[in-house]
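Read the figures in this text as sums done on the coordinates, not as results from a lab. In this text the structure is predicted, and so the values were computed from the model without any measurement. Backbone-built Cβ (ideal geometry, glycine too); neighbour counts: all protein chains shown.
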Amino acid sequence: MLRRAAGLLLVLALVLTGAACSSPKDDGTATAKSLAAALSAHTVGSVAFDQPAAEVQKELTELSAGIDPLWPKVSVDGVAVKEDGTARISLGYSWTIPKVEKPWTYKTGADMKRNGDGWTITWSPAMVEPRLAAGERLKISTAYAARAGILAADGQAIVKDRPVETVGINKDGLSEAEGQASAKALAAVVDIDPAAYLAKIKAYGPVAFVDAITLREEAFAALDQTRLKDIKGFLATPGTLPLAPSRTFAQAVLGSVHEATAEDIKKSKGKIVAGQVVGGSGLQAAFDDQLAGTPGVTITATPSATATPSAGATEAPAPAPTPDPNAGGGGAKVLFTQAPTDGKDVKTTLVPKLQTAAEDALADVKTPSSIVVMKPSTGAILAAANGPDSNGYNTAFLGEYAPGSTFKIATSLGLFREGLNPQSTLSCTPEFTADGKKFYNAPGYAVDAEGQIPMTVAIAHSCNTAFVSQYKNLAQGKLADAAGALGIGMTNDLGLDAFMGAVPRDSAGTEHAASMIGQGKVQVSPLALATMMSSAVKGATVAPVLVAGHDGKAKPAGDAPLTAKEAEGLRTMMRASVTDGYLTNLADLPGAPAMGKTGTAEYGTDNPPRTHSWVIAAQGDIAVAVFVEDGDLGAITGGPLAKAALEAAVGN
């Protein structure tokens, strides 16, 4: 009996175990999760609705067309099953909206009925948003924020809204041939590529107005108005754009703006919309998010012009609802809204008077050129001018050139650290051979400054051989450290890309000898040399600053900081360049004593070689670097430019 009873218990246990392993009826959770996944994917064709899934998919696509490609993630918050065989799914929606800090979240629900071992879901637009009624469509609209300005050091606006005219051809009423003829005629008047504009005319298809160019008001007024009036379909539309005082004013630094292109919009992944003004280059692009602010966003439920009852519905449409206090106009209900937040100004260190003076000084230079003006005590960049032949390129910050004899200031610092001082004697000979390569002084070098001369005289007269002769006494790594102490090669985020110079640590032989006089593989930008001069004036490594409040996290190259005593020695020698050397044109400047150093750097394969012209100069709390890509001796080409910059800066 006991054995039989045990057998019965075993059979019962097996039966019960088998029952536990079989699939029970769906309690609704699996169906709810499938619905949430399908809604998240915006594809509901596989969901068991109470009407054809294809019709539901069609309605879902139509109601969401006005917010495409925006779409939420949907999750299941719970399922409440009732005894009558129905259930209510609680759904959580989370929308990530571009330029909106926090997701838009809410809860809604869906009803379903037991259908055998499964469930059938009742479709309703309220499943997407609880306030969405049959026949309504979601729509997103954007209200642009006011774009902020770029300010000068004194807080006055440099870049602000200024009047412009957008000119183009209105094709409405024109034949294809007339439209093409008008496009060619307009291109000729406004001086743009006619082929490119014709291609744009064709690409715009049925769009009536096709813009050609946006011009400042004064530039538009200067056009031949008679010729414009004779062009069929010509149209000029007034507007405003955030612009600098003139087309060339700090152009490469401030940058440009334009109305968002299709490519801009596509790349932004919803952050930029049609009609928005965006930064294209310079500070306008680098600080675009700050300047642009946050656009206002509104999502509404809008009655469709061809609204029909929900797919599969058999009842007549419900009567019009009581007006919603949050209505967005035209019968639309506001479901979500965020007011626009205007952009915030970007304050620079630029001084417009100095910027203009520097640009005026370079106006007639027929080669890429630059003037950078800095305030050594703070590192503030007061002006960063590029000549007209830089053609919009930021030579001031991005140029990479051999510094020539201006680099002898860094070499002198390295020699100080090897025990020399401004009065130490160096040998200045007409030529010097280093590892088989001959080095010479510049043509016309003063004979009375040859022989055994103090380092100060070698700086004042820029004796190449005196410094090259020390190449075995100053290792390349220590030369690089000395340059680093003066700011060359530092890492520093200005807010714009900038090349702060490069001094190889491994140059040897003739290349190392050439490095002693700023040739070889030594490279700098005008900004890097203005920083070097600023460091010598301040007596400590200076980090340049362009945008107020922007932390550049500056880190000098090398581990040996500049000392006050070292800087004093450098200033003593650079003062001699003004009193006894090649920069005597600065001697009559009123105010604090001026100092400086000239530089001429050979480059290219021409015979005789072409030369870069450099001057670094300082007076009081002003430091200047002048660069001309193809010039004469630094004193001849750069000296007058440096004087003009100092005259404008000192006292302002």
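In this Cβ point-charge picture (+1 for Lys and Arg, -1 for Asp and Glu), the chain has a dipole of about 1660 debye about its Cα centre.
Please give the peptides 98-107, 154-163 ranked by average Cβ packing (other Cβ atoms within 10 Å per residue), highest first, as a rough proxy for protection.
By packing density, highest mean first, the sequence is 154-163, 98-107.
A straight Cα-to-Cα reach below 19 Å connects Lys478 with the lysines Lys408, Lys521, Lys555, Lys565, residues fewer than 8 places away in its own chain not being considered. Would you work out if the chain is rounded, prolate or oblate? Take a ≥ b ≥ c from the square roots of the eigenvalues of the alpha-carbon gyration tensor; rounded if a/c is under 1.5, else prolate when a/b is larger than b/c, oblate otherwise. Prolate, since a/c reaches 1.5 and a/b exceeds b/c. Label separation (Thr572 vs Val447): 3.1 nm, computed from points 7 Å beyond Cα along the C-beta direction. Close lysine pairs were tallied over the range 29-133: pairs 8 or more places apart or on different chains with Cα atoms under 25 Å apart number 16.
A straight line joining the Cα centroids of the range 363-426 and the range 513-591 runs 7 Å. When each of the peptides 194-207, 234-247, 486-499, 394-407 is scored by how many other beta carbons lie within 10 Å of its residues on average, the order from highest to lowest is 394-407, 486-499, 234-247, 194-207. How charged is the neighbourhood of Ser124? Take every other residue with its Cβ under 11 Å from the Cβ of Ser124, and add Lys/Arg as +1 and Asp/Glu as -1. Charge balance in the 11 Å sphere: -4. Charge tally for Gly509 (other residues, Cβ to Cβ under 15 Å; Lys, Arg +1; Asp, Glu -1): +2. When only the Cβ of Lys, Arg, Asp and Glu is charged (+1, +1, -1, -1), the dipole of the range 80-149 relative to its Cα centre reaches about 360 debye.
Here the sum of -39500 (n - 2.57) over DSSP H runs of 4 or more residues, divided by the residues of the chain, equals -8500 deg cm²/dmol at 222 nm, to the nearest 500.
Each 5 Å bin from zero up to the one holding the largest Cα-Cα distance in the range 29-133 carries the following percent of pairs: 2, 12, 23, 26, 19, 10, 5, 2, 1, 0. Against the chain, whose longest principal axis is taken from its Cα atoms, helix 2-21 shows a tilt of about 60°.
Rounded to the nearest 10 degrees, the inclination of helix 476-485 to the longest alpha-carbon principal axis of the chain is 70 degrees. In the chain, a dipole from Cβ-located charges (positive for Lys and Arg, negative for Asp and Glu) runs towards its positive end, and of Ala642, Val624, Thr341 it is Thr341 whose Cα lies farthest in that direction. Here's the picture: charge each Lys and Arg Cβ at +1 and each Asp and Glu Cβ at -1 in the chain, and of Pro303, Gly255, Leu474 the one pushed furthest to the positive end of that dipole is Pro303. In a simple Cβ point-charge model (Lys, Arg +1; Asp, Glu -1; nothing else charged), the range 380-483 has a dipole of about 220 debye relative to its Cα centre.
List the lysines whose Cα sits under 20 Å from the Cα of Lys347, skipping any in the same chain fewer than 8 residues away. Hits, sequence-local ones excluded: Lys160, Lys375, Lys553. Between Arg227 and Lys82, the modelled labels are 7.9 nm apart [label points 7 Å from Cα along Cα→Cβ]. Dipole of the chain computed with +1 at Lys/Arg Cβ and -1 at Asp/Glu Cβ about the Cα centre; of Pro590, Thr120, Pro376, farthest Cα towards the positive end is Thr120. Let me know the shape class of the range 515-612, please: from the alpha-carbon gyration tensor, a ≥ b ≥ c as square roots of the eigenvalues, rounded when a/c is under 1.5, otherwise prolate if a/b is greater than b/c, or oblate. In terms of gyration-tensor shape, oblate. Model label points for Lys202 and Thr105, set 7 angstrom from Cα along the Cα-to-Cβ axis, are 5.3 nm apart. The angle between the Cα long axis of helix 176-190 and the main principal axis of the chain comes to about 30°, on a 0 to 90 degree scale.
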